[in-house]
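Here's the structure we're looking at; comments come further down.
Any read-out appearing in this document is the output of simple, stated calculations on the displayed coordinates, not a laboratory observation. Just so we're clear, the structure is a prediction, and the values are computed from it rather than from any experiment.
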């Protein structure tokens, strides 16, 4: 877990340092395709796992509940950030 978080923060730091390079500006277009490819590969991995396929009914409901909860939490957080920081013409200072 620390390796993944460390890799992410290293990427953030390098992206910030080299943000003015043209090649980094071009990578923004490929990010969506990379995420789609990763999701496809993950789907193939899940589909080839007999244990998961045999228990898809149980895992499916748990996954649906977790996905629904995560989506609701993300919408709530986005709404809070929007109302607290991005409303024009309003001051939120005490």
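How much length is gained on full extension from residue 76 to residue 55, taking 0.36 nm per residue of separation minus their Cα-Cα distance? It would help to have the intermediate numbers written out before the result.
Working: separation 21, 0.36 × 21 = 7.56 nm, distance 3.16 nm.
Roughly 4.4 nm would be gained on extension.
Which of 34, 83, 58 moves most in a GNM of the chain, Cα contacts under 10 Å?
Result: 83 has the largest fluctuation of those listed.
Given a 10 angstrom Cα cut-off, can you work out which residue in 57, 15, 43 is the most mobile in a GNM of the chain?
Evaluated over the chain, the most mobile residue of the options is 15.
Across every pair of different alpha-carbon atoms, what Kirkwood hydrodynamic radius in Å does the chain reach?
Numbers: mean 1/r = 0.0562 Å⁻¹.
With all distinct Cα pairs of the chain included, I get 17.8 Å.
Region 1-48: percent of C-alpha pairs farther apart than 16 Å? Could you put the intermediate results ahead of the total?
Values: 680 of 1128 pairs.
In whole percent, the long-distance tail amounts to 60.
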